[in-house]
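Novice: Before we start, here is the structure in question, set down as structure tokens.
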Amino acid sequence: QTVVTQEPSLTVSPGGTVTLTCASSTGAVTSGYYPNWIQQKPGQAPRALIYSISHKHSWTPDRFSGSLLGGKAALTLSRVQPEDEAEYYCLVYYGGGWVFGGGTKLTVL
Amino acid sequence: QVQLQESGPGLVKPSQTLSVTCTVSGRSIGSGGFYWNWIRQHPGEGLEWIGYIYHSGSTYYNPSLKSRATISLDTSNNQFSLTLTSVTPADTAVYYCARSNEFQLDFELWGQGTLVAVSS
């Protein structure tokens, strides 16, 4: 069973920068895994932010960026706003099927 | 504007079959270019991908649910559905439908979710 691992929780100050990571039990995450980043705020449905490592949707704020970092997929939030407090999930493609990471609860404090 | 809306029974008894439906508005699900996915979220927990169906009818499932899950298309009503057999309380979750782009492989569009509880 493939496991995708994320930091369970992170805290960042308003205006600061934070990087969330996403690791695969199968080895390095590469472009062929098409990593997505999904945001979910309490009581709301998930919303897509980033796809294929670093591509943004039209609604994704510029302060969000995706990359590959040390064999992991990474989501970096710059100039963090209070409204960025949410759960963030990475979603990784494994040749047909998808696996979600366990999620990172981001607290803005 | 394309929208997805889930509907379900709300409550299912253990050992019975759970069925949830996603109604797609604004685009024909038979026109190709997208995968139509089911994802669930147990109360207070993370997201779990269940499976998808393509407009051709081909499917792919999470191995952990493959023996109990079936996703089907109803092009006449522009809907797709998930059926989960032999449910237990562990299948209590919010069930989301989502569309992923065939070429970009991004989960660009989600429904609001429907809560299904499994209880006697």
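Bear in mind these aren't lab numbers, they're just calculated from the coordinates by the rules spelled out. Note that the structure is a prediction, hence the values are computed from the model and not measured. No Cβ is skipped: glycine too gets one built from the backbone with ideal geometry, and neighbour counts run over all protein chains shown.
Novice: Kirkwood hydrodynamic radius for chain A: how many Å is it when counted over pairs of different Cα atoms?
Specialist: 13.7 Å
Novice: Ordered by residue, what ³J(HN,Hα) values in Hz, to whole numbers, does segment B:55-70 give under the Karplus form 6.51 cos²θ - 1.76 cosθ + 1.60, where θ = phi - 60° and Gly and Pro are x?
Specialist: 4, 6, x, 5, 10, 8, 10, 4, x, 6, 10, 3, 6, 10, 9, 9
Novice: I've got another one for you. What length, rounded to one decimal in nm, is gained on full extension from B:Thr75 through to B:Ala117, with 0.36 nm per residue of separation minus their alpha-carbon distance?
Specialist: The B:Thr75-B:Ala117 span can extend by a further 12.4 nm.
Novice: Give me a comma-separated list of calculated 3J(HN,Hα) values for segment B:37-43, in order, Karplus coefficients 6.51, -1.76, 1.60 applied at θ = phi - 60°, integers in Hz, x for any Gly or Pro.
Specialist: 10, 10, 9, 10, 9, 5, x
Novice: Output wanted: per-residue J couplings in Hz (rounded whole) for segment A:86-101, from phi through Karplus 6.51 cos²θ - 1.76 cosθ + 1.60, θ = phi - 60°, x for Gly and Pro.
Specialist: These are the phi-based 3J(HN,Hα) values: 5, 9, 10, 10, 9, 9, 10, 9, 10, x, x, x, 10, 9, 8, x Hz.
Novice: Further question: List every residue whose amide H lies under 5 Å from the amide H of B:Val12, counting only residues 5 or more places away in sequence or on a different chain, with H placed 1.01 Å from N in the peptide plane.
Specialist: The list, which skips near neighbours in sequence, is B:Ala117, B:Val118, B:Ser119.
Novice: So how far apart, in nm, are the two label points at B:Gln16 and A:Ser31 if each is 7 Å from Cα heading toward Cβ?
Specialist: 5.0 nm
Novice: Could you work out, residue by residue across B:40-47, how many beta carbons of other chains sit within 10 Å of that residue's beta carbon, and then give the average as an integer?
Specialist: Other-chain Cβ atoms within 10 Å of each residue's Cβ, averaged: 3.
Novice: Same structure again: Please compute the Kirkwood hydrodynamic radius over the protein assembly as shown, one decimal place, Å, based on all pairs of different Cα atoms.
Specialist: Every distinct Cα pair counted, the radius reaches 18.0 Å.
Novice: Would you work out which of B:Trp49, B:Trp38, B:Pro14 lies farthest towards the positive end of the dipole of segment B:1-80? Charges go on Cβ: Lys and Arg +1, Asp and Glu -1.
Specialist: The Cα lying farthest towards the positive end belongs to B:Pro14.
Novice: Taking R0 as 25 Å, what FRET efficiency do you get between B:Arg68 and A:Ala45 from their Cβ-Cβ distance, rounded to the nearest 0.05?
Specialist: E between B:Arg68 and A:Ala45, to the nearest 0.05, is 0.55.
Novice: Another question about this same structure. Average partner chain C-beta neighbours within 10 Å, per residue of A:31-40?
Specialist: Mean shielding by partner chains, rounded to a whole number: 2.
Novice: Among A:Val29, A:Val92, A:Val12, determine the one that fluctuates most according to a GNM of chain A built with springs between C-alpha atoms less than 10 Å apart.
Specialist: Between A:Val29, A:Val92, A:Val12, it is A:Val12 that shows the largest mean-square fluctuation.
Novice: Right, here's the next one. What pairs in A:Lys72/B:Lys13; A:Lys56/B:Lys13; A:Lys56/B:Lys66; A:Lys72/B:Lys66 have C-alpha atoms more than 30 Å from each other?
Specialist: Too far apart for the 30 Å limit: A:Lys72/B:Lys13; A:Lys56/B:Lys13; A:Lys56/B:Lys66.
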